[in-house]
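Some notes on the structure that comes next.
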Amino acid sequence: MTIIQFLQVLHDSEFGTSVRESLYLFPLLEGVHLIGLALSVGLIIATDLRLIGVFLKQVPVRDVLHHLRPYVLVGFALTFITGIVLLWAEGPRIWENPVFPLKLALIVVAGINALWFEFKFGKSAHLWGEQAQFPTGAKVAGWISLVSWTAVVILGRLIPYLEAN
Amino acid sequence: MMTTEALFQELQTHALSQHISHLSAYAGAVAQLFHIVGFLLILTSVLLVNLRLIGLGLRKQPIPYLAKVTNPLILIGLLLVTVSGLFIFLPSATLYYPNPAFWLKFYLLAAVVVLHFTLIGWVTRKEQPRPVIAWATAIVNLTLWFGVAFAGRAIGFLN
């Protein structure tokens, strides 16, 4: 079974159909998807800007990482769950959109970057975070995260504008 | 006295609105991009300050510091959403007139913008506002901004 066939099965399912045809649920899902973004991507970008050294300069890096993490994770849970339900309802149309695979690829890039940062710099943030100059790798991770998440948001918003006909 | 509907009609037929509506189809998409980026700037800043007001998030930082560093982002965000919003609204003003989500969004937005420059500004100037006031402010503020987000997102589905 190809991905598109699988998405078609989801699309045709009772659940997929009822979500798609619901007057209130669909806008509600889009709304929660957006709120989840503000929590996850919004707070991650605040963290990235801290790593780059332009925002929250007075706040120790460790505090930014640790104290915002629970909200970032809650935001991701909201965004992913609503995203999966939206894909369930509209899968084939979204999958055929040239922008969507690119959006997914960038989410993977951002995810790998975050894991790499976490293993390499996360645990020792209380040490290097106090120095005037952060390690280059940490700054690069901040830039990669900033650029890839911004692009994910932009590509996501472009989906309805670049429908494959 | 001109009715609101007539005003919207007038706005839509204004030369500037006509000019915008004759731009490329991608201009609309670009306006939407600036709209969402501006709105995320606002929501993220609001979250940082309001989580702190209820003792969560960056809880070791003084409230006035967080309010001070996020305020420019909120103002830039407001500027971005206003300019891009006019781009989206002007060419199709009469389309939005009968849309309940559009009106709900702007009532909530008007309320929260007034609060931002009054109550919220006053509460976030204090190092230690009374917990009742801090909580009430944060709940009202977050509810209104999230309401703006939900109502805004719903506009397109009710057109």
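Table for the structure above
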{"quantity": "Members of the stretch A:33-49 that are surrounded by 20 or more Cβ atoms within 10 Å (Cβ to Cβ) and either among the small types (Gly, Ala, Ser) or free of Cβ contacts under 8 Å to residues at least 60 places away in the same chain (or both)", "calculated": "A:34, A:35, A:36, A:38, A:39, A:40, A:42, A:43, A:46"}
{"quantity": "Number of the condition not met by residue A:158 [criteria: (1) under 26 Å from residue A:92 (Cβ atoms); (2) over 19 Å from the mean Cα position of the chain (by Cα); (3) in contact (Cβ under 8 Å) with a residue 12 or more places away in the chain]", "calculated": "(2)"}
{"quantity": "Single unsatisfied condition, residue A:138 versus (1) buried (at least 17 other Cβ atoms within 10 Å of the Cβ); (2) within 14 Å of chain B (Cβ to nearest Cβ)", "calculated": "(2)"}
{"quantity": "Leading residue by the ranking (farthest from residue B:137 (Cα to Cα)) among those in the stretch B:48-80 that are of a type in the set (Val, Ile, Thr) and part of a helix (DSSP H, G or I)", "calculated": "B:76"}
{"quantity": "Residue check, residue B:66 under 22 Å from residue A:41 (Cβ atoms), touching a residue at least 12 places away in the same chain (Cβ under 8 Å) and facing chain A (nearest Cβ under 7 Å)", "calculated": "no"}
{"quantity": "Enumerated helices (runs of 4 or more DSSP H) restricted to the stretch A:50-128, each holding at least 3 residues that are within 20 Å of residue A:35 (Cα to Cα) and within 14 Å of another protein chain (Cβ to nearest Cβ)", "calculated": "A:61-95"}
{"quantity": "Residues being touching a residue at least 40 places away in the same chain (Cβ under 8 Å) and either over 13 Å from the mean Cα position of the chain (by Cα) or outside any helix (DSSP H, G or I) (or both) - total across the stretch B:90-119", "calculated": "11"}
{"quantity": "Conditions (1) within 14 Å of chain B (Cβ to nearest Cβ); (2) modelled with pLDDT of 90 or more; (3) surrounded by fewer than 19 Cβ atoms within 10 Å (Cβ to Cβ): number failed by residue A:149", "calculated": "(3)"}
{"quantity": "Which numbered condition residue B:23 misses (of (1) of a type outside the set (Phe, Trp, Tyr); (2) more than 18 Å from residue B:112 (Cβ to Cβ); (3) touching a residue at least 40 places away in the same chain (Cβ under 8 Å))", "calculated": "(3)"}
{"quantity": "Verdict on residue B:79 being at pLDDT 95 or above, closer than 30 Å to residue A:59 by Cβ, surrounded by fewer than 18 Cβ atoms within 10 Å (Cβ to Cβ) and of a type outside the set (Lys, Arg)", "calculated": "yes"}
{"quantity": "Failed condition for residue B:21, given (1) hydroxyl-bearing (Ser, Thr, Tyr); (2) more than 9 Å from chain A (Cβ to nearest Cβ); (3) within 30 Å of residue A:68 (Cα to Cα)", "calculated": "(3)"}
{"quantity": "Residue B:129 vs. criteria in contact with a Ser or Thr (Cβ under 7 Å, 6 or more places away or on another chain), over 18 Å from residue B:42 (Cβ atoms) and either surrounded by fewer than 14 Cβ atoms within 10 Å (Cβ to Cβ) or not basic (Lys, Arg) (or both)", "calculated": "no"}
{"quantity": "Options B:37, B:83; residue that is within 11 Å of another protein chain (Cβ to nearest Cβ), part of a helix (DSSP H, G or I) and under 20 Å from the mean Cα position of the chain (by Cα)", "calculated": "B:37"}
{"quantity": "Selection count where residues are within 14 Å of another protein chain (Cβ to nearest Cβ) and in a helix (DSSP H, G or I), scope the stretch A:1-31", "calculated": "10"}
{"quantity": "Residue in the stretch A:32-46 that is more than 11 Å from every other protein chain (Cβ to nearest Cβ) and either out of contact with any Ser or Thr (no Cβ under 7 Å at 6 or more places or on another chain) or under 27 Å from residue A:143 (Cα atoms) (or both) present", "calculated": "no"}
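The values are calculated or read from the model by the stated rules, or taken from the named source; none is laboratory data. Keep in mind the model is a prediction, meaning the values are calculated, not measured. Cβ atoms come from the backbone with ideal geometry, glycine included; neighbour counts cover every protein chain shown.
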